Amino acid sequence: MSRIVKVGLIQASDAANDGDLPIADIQKAALDKHIKMIEDAGQKGVQILGLQEIFNGPYFCPGQDPKWYAAAEPIPGPTTEVMQELAKKYSMAMIVPLYEREQAGVYYNSAAVIDADGTYLGKYRKQHIPQTSGFWEKFYFKPGNLGYPVFETAYGKVGVYICYDRHFPEGARLLGLNGAEIVFNPSATVAGLSEYLWKLEQPAHAVANGYFVAASNRVGTEKPWDLGEFYGQSYIVNPRGQFLATASRDQDELVTADCDLDMIEEVRRTWQFYRDRRPETYGDMCELLP
């Protein structure tokens, strides 16, 4: 019997679309909006659902304003608890990206992973932190320190790679070596050079590592930053790099696909990348070279 898993992704615009409102109001609007979309996913039978990067608010990194430190929260914490109840209600595992506060002054761009019975399984912390015009993430986030964990949910083994991480093949490979069957990449990315790469890099990771990839993005523009258009197009690809489902460019949307996890074995028997790896020749990659 095939292991068919219904995977879903939610892409959405900022509910408040006013970064000058109190942070608590902004987050409540985002949470209320997403709860409706999460319930829709549950009612449609989604078994593993991924949300977008820092789903419960705007992407505030185009500026460097310390007020946004107040948006961070513990993981597990209040938002995680709400998501645990929804996961349990719909027997739906979830990937929940949040701005994490570990302690005073220590913050991460993270994602909680929740199983279908509501159990908190753990978290991934974004490893690669950009610092460039419009993406001043080092102002807000420390680099992750938890490695590249894989979480065994009721439906399959899940890994997480967040936004800018997708440009780095090393972590994508480690997720595969650690047993990931589906890798979720929640993102906040706008029109420009990255749009060309959006449908290039992650299907390549899926092929090179023989797993499914579920990549989510925001839609719309967000005030007051006006960084540009978040171009949506969230998608799910199989281990052959074939697109199973793609969302629109500009609509709040749930995109779903039935993923046959048995395909992983089939593809890896054809493309023997794991057998033919030569890690003993890769030592120079681990040196501190320029």
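In whole angstrom, note down how far apart the Cα centers of region 1-80 and region 102-116 are. Taking the Cα centre of each part, region 1-80 and region 102-116 sit 13 Å apart. Restricting the GluC sites (Glu not before Pro) of region 186-290 to loop positions (DSSP other than H, G, I, E, B) with no more than 12 neighbouring Cβ atoms within 10 Å leaves 287.
When the Cα atoms of region 140-290 are enclosed in a convex hull and the volume is divided per residue, what value in Å³ results? The partial results should precede the final answer.
Values: hull volume 22.2 nm³, N = 151.
So the per-residue Cα hull volume is 147 Å³.
My understanding is that a pair violates if its Cα-Cα distance is over 19 Å; which of 28/142; 199/223; 36/67; 44/89 do that in this structure?
Pairs exceeding 19 Å: 28/142; 199/223; 36/67.
Here nothing in the chain passes the span test, since no DSSP H helix has an alpha carbon length of 15 Å or more along the helix axis and a Kyte-Doolittle mean of 1.6 or above. The fraction of all Cα pairs in region 4-276 landing in successive 10 Å bins from 0 to the largest distance is 7, 33, 39, 18, 3, 0, given as whole percents. Here the chain carries DSSP beta bridges of which approximately 70% are antiparallel, counting only pairs with both residues inside.
Every number in this text was worked out from the coordinates using simple rules, so none of it is lab data. Being a predicted model, the structure only gives us computed values, none of them experimental. Note: ideal-geometry Cβ built from the backbone for every residue, glycine included; neighbour counts use all protein chains shown.
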